[in-house]
Amino acid sequence: MTDRVPVLKIGETLLVSIQTDLEDQMVMDLQEDLSNRIVDTGAKGVVIDISALEIVDSFVGRMLATNASISRVLGAETIVVGMRPAVAMTLVELGLSLNGVRTALNLERGLKLLRRLGAERA
Amino acid sequence: MTAETNTRLLVEILTAQRDDFLAQWTRTIGDDLQGRLSMAELGYELGELYEAILKALAIGGLDGRGDHFGEARSLLIELSRSRARQGFTPTETARSVFALKEVLEPSLAGETASVQAYLQFARLLDDLGLLTTEAYVRTREEIISSQAEQLLELSTPVVKLWDGVVGVPLVGTLDSARTQVVMEKLLQTLVDTDSTHAIIDITGVPTVDTQVAQHLLKTVVAARMMGARCIISGIRPQIAQTIVALGIEFGDIPTNSSLADALRQALKEIALETEDDLKGLL
(Lines give C-alpha, C1' and ligand atoms only; values in the text may rest on other atoms or scores of the structure.)
Protein backbone atom coordinates (compact mmCIF):
# COMPACT_ATOMS: atom_id res chain seq x y z
CA MET A 1 0.00 0.00 0.00
CA THR A 2 1.61 3.23 -1.09
CA ASP A 3 1.05 6.62 0.50
CA ARG A 4 -1.45 8.99 -1.03
CA VAL A 5 -0.81 12.63 -1.69
CA PRO A 6 -3.17 14.72 0.49
CA VAL A 7 -5.58 17.09 -1.24
CA LEU A 8 -6.50 20.03 1.01
CA LYS A 9 -9.44 22.36 0.55
CA ILE A 10 -9.14 26.08 1.23
CA GLY A 11 -12.30 27.95 0.28
CA GLU A 12 -12.92 27.28 -3.37
CA THR A 13 -9.38 26.12 -3.94
CA LEU A 14 -7.83 22.69 -3.65
CA LEU A 15 -4.22 22.54 -2.56
CA VAL A 16 -2.01 19.62 -3.49
CA SER A 17 1.43 19.78 -1.89
CA ILE A 18 3.70 17.07 -3.18
CA GLN A 19 6.32 16.37 -0.54
CA THR A 20 8.01 13.18 -1.69
CA ASP A 21 9.27 11.87 -4.97
CA LEU A 22 6.32 10.34 -6.76
CA GLU A 23 6.00 6.70 -7.62
CA ASP A 24 3.84 5.75 -10.55
CA GLN A 25 1.03 4.38 -8.37
CA MET A 26 0.92 7.60 -6.32
CA VAL A 27 0.55 9.58 -9.52
CA MET A 28 -2.40 7.48 -10.63
CA ASP A 29 -4.02 7.71 -7.15
CA LEU A 30 -3.54 11.46 -7.08
CA GLN A 31 -5.23 11.85 -10.45
CA GLU A 32 -8.26 9.91 -9.20
CA ASP A 33 -8.42 11.64 -5.79
CA LEU A 34 -8.10 15.06 -7.34
CA SER A 35 -10.86 14.62 -9.92
CA ASN A 36 -13.16 13.18 -7.25
CA ARG A 37 -12.48 16.06 -4.89
CA ILE A 38 -13.09 18.68 -7.56
CA VAL A 39 -16.51 17.24 -8.27
CA ASP A 40 -17.32 16.73 -4.54
CA THR A 41 -16.32 20.22 -3.44
CA GLY A 42 -17.13 22.17 -6.58
CA ALA A 43 -13.68 23.76 -6.39
CA LYS A 44 -12.89 26.48 -8.91
CA GLY A 45 -9.14 26.24 -8.65
CA VAL A 46 -6.36 23.73 -8.00
CA VAL A 47 -2.84 24.62 -6.87
CA ILE A 48 -0.21 21.92 -7.17
CA ASP A 49 2.89 22.79 -5.18
CA ILE A 50 5.99 20.95 -6.37
CA SER A 51 8.61 23.05 -4.55
CA ALA A 52 9.75 20.00 -2.60
CA LEU A 53 10.42 17.97 -5.71
CA GLU A 54 14.04 17.75 -6.78
CA ILE A 55 13.48 15.21 -9.48
CA VAL A 56 10.69 15.33 -12.02
CA ASP A 57 10.72 12.83 -14.84
CA SER A 58 8.70 12.93 -18.03
CA PHE A 59 5.98 10.78 -16.44
CA VAL A 60 5.38 13.28 -13.66
CA GLY A 61 5.64 16.10 -16.20
CA ARG A 62 2.88 14.51 -18.26
CA MET A 63 0.84 13.91 -15.11
CA LEU A 64 0.87 17.65 -14.38
CA ALA A 65 -0.39 18.38 -17.88
CA THR A 66 -3.06 15.66 -17.65
CA ASN A 67 -4.27 16.87 -14.26
CA ALA A 68 -4.54 20.40 -15.62
CA SER A 69 -6.66 19.18 -18.52
CA ILE A 70 -8.89 17.06 -16.29
CA SER A 71 -9.48 19.95 -13.88
CA ARG A 72 -10.30 22.27 -16.75
CA VAL A 73 -12.91 19.84 -18.04
CA LEU A 74 -14.38 19.78 -14.53
CA GLY A 75 -14.47 23.58 -14.42
CA ALA A 76 -11.40 24.29 -12.26
CA GLU A 77 -8.22 26.07 -13.21
CA THR A 78 -4.91 24.38 -12.29
CA ILE A 79 -1.77 26.24 -11.36
CA VAL A 80 1.55 24.50 -10.83
CA VAL A 81 3.72 26.43 -8.38
CA GLY A 82 7.23 26.32 -7.00
CA MET A 83 9.07 24.50 -9.73
CA ARG A 84 12.76 24.49 -8.98
CA PRO A 85 15.25 25.83 -11.56
CA ALA A 86 16.94 22.45 -11.89
CA VAL A 87 13.60 20.77 -12.52
CA ALA A 88 12.64 23.34 -15.16
CA MET A 89 15.94 22.81 -16.92
CA THR A 90 15.54 19.05 -16.87
CA LEU A 91 12.05 19.24 -18.32
CA VAL A 92 13.23 21.54 -21.10
CA GLU A 93 16.04 19.14 -21.91
CA LEU A 94 13.49 16.33 -22.00
CA GLY A 95 11.55 18.34 -24.56
CA LEU A 96 8.54 18.99 -22.32
CA SER A 97 7.15 22.50 -22.23
CA LEU A 98 3.98 21.94 -20.15
CA ASN A 99 2.03 23.98 -22.65
CA GLY A 100 -1.45 24.67 -21.42
CA VAL A 101 -0.43 24.46 -17.77
CA ARG A 102 -0.47 27.68 -15.83
CA THR A 103 2.49 28.21 -13.54
CA ALA A 104 3.54 30.59 -10.77
CA LEU A 105 6.77 31.13 -8.90
CA ASN A 106 5.37 30.25 -5.48
CA LEU A 107 2.19 29.38 -3.63
CA GLU A 108 1.39 33.00 -2.82
CA ARG A 109 1.61 34.09 -6.44
CA GLY A 110 -0.34 31.03 -7.49
CA LEU A 111 -3.24 31.87 -5.19
CA LYS A 112 -3.18 35.47 -6.44
CA LEU A 113 -3.31 34.28 -10.02
CA LEU A 114 -6.29 32.05 -9.19
CA ARG A 115 -8.11 34.95 -7.57
CA ARG A 116 -7.44 37.06 -10.65
CA LEU A 117 -8.72 34.36 -12.97
CA GLY A 118 -11.79 34.01 -10.75
CA ALA A 119 -12.39 37.76 -10.93
CA GLU A 120 -12.09 37.65 -14.71
CA ARG A 121 -14.63 34.88 -14.92
CA ALA A 122 -17.08 36.56 -12.60
CA MET B 1 82.17 0.21 -11.20
CA THR B 2 78.62 -0.40 -10.00
CA ALA B 3 75.76 2.03 -9.50
CA GLU B 4 75.95 1.45 -5.77
CA THR B 5 79.49 2.68 -5.43
CA ASN B 6 78.61 5.67 -7.56
CA THR B 7 75.68 6.44 -5.30
CA ARG B 8 77.86 6.11 -2.22
CA LEU B 9 80.40 8.46 -3.75
CA LEU B 10 77.71 11.01 -4.55
CA VAL B 11 76.17 10.83 -1.10
CA GLU B 12 79.60 11.33 0.45
CA ILE B 13 80.39 14.39 -1.64
CA LEU B 14 76.94 15.88 -1.24
CA THR B 15 77.06 15.39 2.54
CA ALA B 16 80.62 16.59 3.01
CA GLN B 17 80.24 19.81 1.02
CA ARG B 18 76.60 20.46 1.76
CA ASP B 19 76.92 24.08 2.86
CA ASP B 20 79.22 24.97 -0.03
CA PHE B 21 77.05 23.34 -2.66
CA LEU B 22 73.88 24.75 -1.26
CA ALA B 23 75.25 28.28 -1.13
CA GLN B 24 76.58 28.03 -4.66
CA TRP B 25 73.35 26.50 -5.93
CA THR B 26 71.28 29.23 -4.34
CA ARG B 27 73.59 31.88 -5.79
CA THR B 28 73.42 30.44 -9.33
CA ILE B 29 69.66 30.38 -9.33
CA GLY B 30 69.46 33.71 -7.58
CA ASP B 31 71.49 35.27 -10.41
CA ASP B 32 69.16 33.63 -12.89
CA LEU B 33 66.01 34.95 -11.31
CA GLN B 34 67.52 38.41 -10.82
CA GLY B 35 66.04 39.20 -7.49
CA ARG B 36 62.46 38.30 -8.28
CA LEU B 37 62.59 35.90 -5.35
CA SER B 38 64.22 36.73 -2.02
CA MET B 39 67.48 34.89 -1.36
CA ALA B 40 66.28 33.75 2.06
CA GLU B 41 63.17 32.18 0.59
CA LEU B 42 65.14 30.59 -2.22
CA GLY B 43 67.74 29.26 0.20
CA TYR B 44 65.06 27.71 2.36
CA GLU B 45 63.31 26.10 -0.62
CA LEU B 46 66.50 24.68 -2.06
CA GLY B 47 67.75 23.55 1.34
CA GLU B 48 64.65 21.43 1.80
CA LEU B 49 64.98 20.05 -1.71
CA TYR B 50 68.68 19.30 -1.24
CA GLU B 51 67.99 17.34 1.93
CA ALA B 52 65.20 15.40 0.26
CA ILE B 53 67.36 14.45 -2.73
CA LEU B 54 70.27 13.50 -0.50
CA LYS B 55 68.04 11.35 1.69
CA ALA B 56 66.49 9.64 -1.30
CA LEU B 57 69.93 8.94 -2.77
CA ALA B 58 71.14 7.43 0.48
CA ILE B 59 68.08 5.21 0.82
CA GLY B 60 67.36 3.94 -2.63
CA GLY B 61 69.88 5.09 -5.21
CA LEU B 62 69.62 6.99 -8.44
CA ASP B 63 66.23 6.04 -9.80
CA GLY B 64 64.34 9.35 -9.84
CA ARG B 65 61.00 7.66 -10.51
CA GLY B 66 61.24 5.30 -7.53
CA ASP B 67 59.22 5.51 -4.34
CA HIS B 68 62.11 6.78 -2.25
CA PHE B 69 62.11 9.99 -4.30
CA GLY B 70 58.49 10.70 -3.37
CA GLU B 71 59.29 13.50 -0.97
CA ALA B 72 61.75 15.17 -3.35
CA ARG B 73 59.22 14.93 -6.15
CA SER B 74 56.40 16.49 -4.17
CA LEU B 75 58.73 19.31 -3.09
CA LEU B 76 59.64 19.89 -6.74
CA ILE B 77 56.01 19.90 -7.82
CA GLU B 78 55.22 22.42 -5.09
CA LEU B 79 58.14 24.60 -6.20
CA SER B 80 57.03 24.35 -9.78
CA ARG B 81 53.46 25.32 -8.95
CA SER B 82 54.48 28.38 -7.01
CA ARG B 83 56.85 29.42 -9.81
CA ALA B 84 54.08 29.02 -12.39
CA ARG B 85 51.74 31.16 -10.25
CA GLN B 86 54.39 33.86 -9.85
CA GLY B 87 54.88 34.04 -13.61
CA PHE B 88 58.34 32.52 -14.03
CA THR B 89 59.07 30.77 -17.32
CA PRO B 90 59.29 26.97 -17.52
CA THR B 91 62.99 27.28 -18.47
CA GLU B 92 63.73 29.23 -15.32
CA THR B 93 61.87 26.65 -13.30
CA ALA B 94 63.67 23.67 -14.83
CA ARG B 95 67.03 25.42 -14.48
CA SER B 96 66.48 25.54 -10.75
CA VAL B 97 67.14 21.82 -10.85
CA PHE B 98 69.72 21.72 -13.62
CA ALA B 99 71.91 24.28 -11.85
CA LEU B 100 72.83 21.62 -9.31
CA LYS B 101 74.80 19.89 -12.07
CA GLU B 102 76.99 22.93 -12.61
CA VAL B 103 77.61 23.15 -8.90
CA LEU B 104 78.68 19.55 -8.69
CA GLU B 105 80.75 19.50 -11.89
CA PRO B 106 84.10 20.86 -10.57
CA SER B 107 84.17 18.43 -7.65
CA LEU B 108 83.65 15.42 -9.85
CA ALA B 109 85.78 16.14 -12.90
CA GLY B 110 88.90 14.00 -13.22
CA GLU B 111 88.66 10.42 -12.16
CA THR B 112 86.71 7.96 -14.26
CA ALA B 113 84.64 6.79 -11.34
CA SER B 114 83.55 10.29 -10.51
CA VAL B 115 82.71 11.08 -14.11
CA GLN B 116 80.45 8.09 -14.25
CA ALA B 117 78.83 9.08 -10.97
CA TYR B 118 78.38 12.59 -12.32
CA LEU B 119 76.74 11.35 -15.49
CA GLN B 120 74.33 9.23 -13.51
CA PHE B 121 73.54 12.10 -11.22
CA ALA B 122 73.01 14.31 -14.28
CA ARG B 123 70.48 11.84 -15.63
CA LEU B 124 68.65 11.89 -12.31
CA LEU B 125 68.52 15.68 -12.38
CA ASP B 126 67.26 15.61 -15.99
CA ASP B 127 64.41 13.43 -14.81
CA LEU B 128 63.60 15.74 -11.97
CA GLY B 129 63.86 18.75 -14.28
CA LEU B 130 61.31 17.23 -16.63
CA LEU B 131 59.08 16.67 -13.65
CA THR B 132 59.12 20.38 -12.83
CA THR B 133 58.17 21.22 -16.40
CA GLU B 134 55.30 18.78 -16.29
CA ALA B 135 54.03 20.20 -13.01
CA TYR B 136 54.49 23.70 -14.42
CA VAL B 137 52.35 22.98 -17.47
CA ARG B 138 49.69 21.33 -15.36
CA THR B 139 49.48 24.32 -13.03
CA ARG B 140 49.22 26.64 -16.01
CA GLU B 141 46.35 24.62 -17.38
CA GLU B 142 44.58 24.77 -14.03
CA ILE B 143 45.00 28.55 -14.00
CA ILE B 144 43.65 28.86 -17.54
CA SER B 145 40.60 26.70 -16.91
CA SER B 146 39.75 28.51 -13.69
CA GLN B 147 40.07 31.82 -15.52
CA ALA B 148 37.79 30.57 -18.29
CA GLU B 149 35.26 29.69 -15.62
CA GLN B 150 35.52 33.10 -14.04
CA LEU B 151 35.09 34.69 -17.43
CA LEU B 152 31.95 32.67 -17.96
CA GLU B 153 30.63 33.85 -14.61
CA LEU B 154 31.53 37.45 -15.33
CA SER B 155 30.02 37.46 -18.80
CA THR B 156 26.60 36.39 -17.59
CA PRO B 157 25.36 38.82 -14.99
CA VAL B 158 21.72 38.77 -13.94
CA VAL B 159 20.56 42.12 -12.61
CA LYS B 160 17.41 43.23 -10.91
CA LEU B 161 15.96 46.05 -13.01
CA TRP B 162 12.82 46.73 -11.02
CA ASP B 163 10.70 45.07 -8.38
CA GLY B 164 9.69 41.87 -10.10
CA VAL B 165 11.83 42.40 -13.20
CA VAL B 166 15.29 40.94 -13.76
CA GLY B 167 17.52 41.61 -16.76
CA VAL B 168 20.11 39.40 -18.43
CA PRO B 169 22.41 41.35 -20.72
CA LEU B 170 24.06 38.76 -22.92
CA VAL B 171 27.47 39.56 -24.36
CA GLY B 172 29.32 37.31 -26.77
CA THR B 173 28.49 34.10 -28.53
CA LEU B 174 25.87 31.81 -27.05
CA ASP B 175 26.95 28.19 -27.00
CA SER B 176 25.53 25.27 -25.07
CA ALA B 177 27.85 25.68 -22.10
CA ARG B 178 27.04 29.35 -21.72
CA THR B 179 23.33 28.84 -22.19
CA GLN B 180 23.44 26.42 -19.32
CA VAL B 181 25.08 28.98 -17.05
CA VAL B 182 22.73 31.75 -18.17
CA MET B 183 19.69 29.55 -17.64
CA GLU B 184 20.81 28.42 -14.21
CA LYS B 185 21.56 31.93 -13.02
CA LEU B 186 18.42 33.43 -14.50
CA LEU B 187 16.09 30.83 -13.02
CA GLN B 188 17.77 30.99 -9.62
CA THR B 189 17.53 34.79 -9.59
CA LEU B 190 13.83 34.58 -10.45
CA VAL B 191 13.32 32.45 -7.35
CA ASP B 192 15.59 34.53 -5.13
CA THR B 193 14.08 37.90 -6.05
CA ASP B 194 10.52 36.61 -6.49
CA SER B 195 10.40 38.15 -9.96
CA THR B 196 7.72 37.43 -12.52
CA HIS B 197 9.42 39.00 -15.52
CA ALA B 198 12.81 38.48 -17.12
CA ILE B 199 14.27 40.53 -19.94
CA ILE B 200 16.96 38.83 -22.00
CA ASP B 201 18.90 41.50 -23.82
CA ILE B 202 20.88 40.25 -26.80
CA THR B 203 22.40 43.54 -27.93
CA GLY B 204 25.84 42.07 -27.29
CA VAL B 205 25.26 38.85 -29.19
CA PRO B 206 27.01 39.19 -32.56
CA THR B 207 25.05 36.59 -34.51
CA VAL B 208 21.79 34.77 -34.01
CA ASP B 209 21.53 31.49 -35.88
CA THR B 210 19.10 28.64 -35.41
CA GLN B 211 21.20 27.16 -32.62
CA VAL B 212 21.30 30.38 -30.62
CA ALA B 213 17.57 30.78 -31.13
CA GLN B 214 17.10 27.24 -29.88
CA HIS B 215 19.09 28.04 -26.74
CA LEU B 216 17.07 31.20 -26.14
CA LEU B 217 13.81 29.33 -26.59
CA LYS B 218 14.85 26.71 -24.07
CA THR B 219 15.61 29.38 -21.50
CA VAL B 220 12.29 31.10 -22.10
CA VAL B 221 10.33 27.85 -21.84
CA ALA B 222 12.10 26.88 -18.61
CA ALA B 223 11.28 30.27 -17.10
CA ARG B 224 7.67 29.94 -18.17
CA MET B 225 7.38 26.54 -16.51
CA MET B 226 8.47 28.19 -13.28
CA GLY B 227 5.84 30.85 -13.69
CA ALA B 228 7.80 33.78 -15.10
CA ARG B 229 7.54 35.63 -18.40
CA CYS B 230 10.52 36.34 -20.60
CA ILE B 231 10.92 39.19 -23.03
CA ILE B 232 13.75 39.20 -25.55
CA SER B 233 15.12 42.65 -26.29
CA GLY B 234 18.03 44.25 -28.10
CA ILE B 235 17.36 42.76 -31.51
CA ARG B 236 19.32 44.82 -34.02
CA PRO B 237 17.97 45.39 -37.56
CA GLN B 238 20.65 43.12 -39.01
CA ILE B 239 19.72 40.34 -36.65
CA ALA B 240 16.01 40.78 -37.27
CA GLN B 241 16.71 40.30 -40.96
CA THR B 242 18.75 37.17 -40.30
CA ILE B 243 16.08 35.74 -38.02
CA VAL B 244 13.41 36.18 -40.66
CA ALA B 245 15.67 34.92 -43.44
CA LEU B 246 16.46 31.78 -41.45
CA GLY B 247 12.78 31.25 -40.73
CA ILE B 248 13.31 31.25 -36.97
CA GLU B 249 10.05 31.39 -35.03
CA PHE B 250 9.99 32.89 -31.58
CA GLY B 251 6.36 31.85 -31.21
CA ASP B 252 4.46 33.82 -28.61
CA ILE B 253 7.60 35.17 -26.95
CA PRO B 254 7.52 38.96 -26.98
CA THR B 255 10.52 40.50 -28.71
CA ASN B 256 11.67 44.10 -28.75
CA SER B 257 14.37 46.20 -30.28
CA SER B 258 15.23 48.15 -27.17
CA LEU B 259 15.66 47.31 -23.52
CA ALA B 260 13.61 50.39 -22.61
CA ASP B 261 10.60 49.09 -24.55
CA ALA B 262 10.94 45.68 -22.95
CA LEU B 263 11.07 47.18 -19.47
CA ARG B 264 8.04 49.34 -20.24
CA GLN B 265 6.14 46.26 -21.38
CA ALA B 266 7.12 44.28 -18.29
CA LEU B 267 6.07 47.08 -15.96
CA LYS B 268 2.79 47.48 -17.78
CA GLU B 269 2.04 43.78 -17.35
CA ILE B 270 2.91 43.93 -13.67
CA ALA B 271 0.69 47.00 -13.23
CA LEU B 272 -2.20 45.21 -14.92
CA GLU B 273 -1.77 42.25 -12.61
CA THR B 274 -1.80 44.40 -9.48
CA GLU B 275 -4.85 46.28 -10.73
CA ASP B 276 -6.61 42.98 -11.23
CA ASP B 277 -5.55 41.95 -7.75
CA LEU B 278 -7.15 45.06 -6.30
CA LYS B 279 -10.32 44.45 -8.28
CA GLY B 280 -10.37 40.87 -7.10
CA LEU B 281 -10.21 42.00 -3.48
CA LEU B 282 -13.07 44.47 -3.81
Legend entry - Unit charges at the beta carbon, dipole of chain B: most positive-side option, B:T179, B:A135, B:A23: B:T179
Inset, instruction - State the answer as a single residue: which of B:L170, B:M39, B:S233 lies farthest towards the positive end of the charge dipole of chain B, with beta carbon charges of +1 for Lys and Arg and -1 for Asp and Glu, about the Cα centre. - result: B:S233
Legend entry - Magnitude of the charge dipole, the protein assembly as shown, Cβ model with Lys/Arg +1 and Asp/Glu -1, debye to 20: 1340
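Suppose every K and R has +1 on its Cβ and every D and E has -1 on its Cβ; what is the size of the dipole of the range B:142-282 about the Cα centre, in Debye to the nearest 20?
Value, rounded to 20: 260 debye.
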Legend entry - Three-way shape call for chain A based on the alpha-carbon gyration tensor, with the a/c threshold at 1.5: oblate
Inset, instruction - Whenever you get a sec, line up B:T219, B:T242 from highest to lowest accessible area (probe 1.4 Å, protein heavy atoms). - result: B:T242, B:T219
Legend entry - Of all accessible heavy-atom area on chain B, the percent that carbon and sulfur account for (1.4 Å): 56
Legend entry - Nearest 10 degrees, 0 to 90: helix B:70-86 Cα axis against chain B principal axis: 50
Legend entry - 222 nm mean residue ellipticity, helices alone, for chain B (DSSP H n ≥ 4; -39,500 (n - 2.57); rounded to 500): -24500 deg cm²/dmol
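Relative contact order (percent) for the range B:98-236, with alpha-carbon contacts under 8 angstrom and 6 or more residues of separation?
19
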Inset, instruction - Would you kindly find the accessible area of A:D33, with a 1.4 Å probe and non-protein molecules such as ligands, DNA and RNA excluded, rounding to the nearest 10 Å²? - result: 30
Inset, instruction - Please name which of B:A262, B:A213, B:T193 has its Cα lying farthest along the dipole of the range B:176-282 towards the positive end, using unit charges on Cβ (Lys, Arg +1; Asp, Glu -1) and the Cα centre as origin. - result: B:A213
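Rounded to the nearest 20 Debye, what is the dipole magnitude of chain A about its Cα centre when Lys and Arg each give +1 and Asp and Glu each give -1 at the C-beta?
It comes to approximately 720 debye.
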Inset, instruction - Would you calculate, for chain A, the mean residue ellipticity at 222 nm contributed by helices, counting each DSSP H stretch of 4 or more residues as -39,500 (n - 2.57) and dividing by all residues, to the nearest 500? - result: -15500 deg cm²/dmol
Inset, instruction - Using a 10 Å cut-off on Cβ to Cβ distances, tally the other chain neighbours for every residue of B:215-223 and report the average as a whole number. - result: 4
Legend entry - Cα-based helix-to-principal-axis angle, B:176-193 vs chain B, degrees rounded to 10: 60
Legend entry - Shape call, the range B:222-282: gyration tensor on alpha carbons, a/c limit 1.5: prolate
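Summed for both chains, how many Å² of accessible area, to the nearest 100, are buried between B and A with a 1.4 Å probe?
Chains B and A together bury approximately 1900 Å².
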Legend entry - Rounded to 10°, Cα long-axis angle of helix B:18-33 versus longest principal axis of chain B: 40
Legend entry - DSSP H segments from chain A that extend 15 Å or more along their own axis, Cα-based, with Kyte-Doolittle mean of -1.0 or above: A:24-41, A:58-73, A:107-121
Inset, instruction - Mind checking A:87-96 for the average number of partner chain beta-carbons within 10 Å of each residue's beta-carbon? - result: 5
Legend entry - Averaged over A:74-81, number of beta-carbon atoms from partner chains that fall within 10 Å: 1
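Could you state the accessible area per residue of the range B:1-138 in Å², with a 1.4 Å probe and every protein chain left in place?
On the way: 6970 Å² over 138 residues.
So the range B:1-138 comes to 50 Å² accessible per residue, rounded to a whole number.
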Inset, instruction - Working with all protein chains in place, sort B:L267, B:L187 by solvent-accessible area computed with a 1.4 Å probe, largest first. - result: B:L267, B:L187
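The values are calculated or read from the model by the stated rules, or taken from the named source; none is laboratory data. Worth saying up front: this structure is predicted, and the values here are computed from it rather than measured. Using ideal geometry, Cβ is built from the backbone for each residue, glycine included, and neighbour counts are taken over all protein chains shown. Heavy atoms of the whole protein, side chains included, go into the accessibility calculation; ligands, DNA and RNA do not. Shrake-Rupley method; radii C 1.70, N 1.55, O 1.52, S 1.80 Å.
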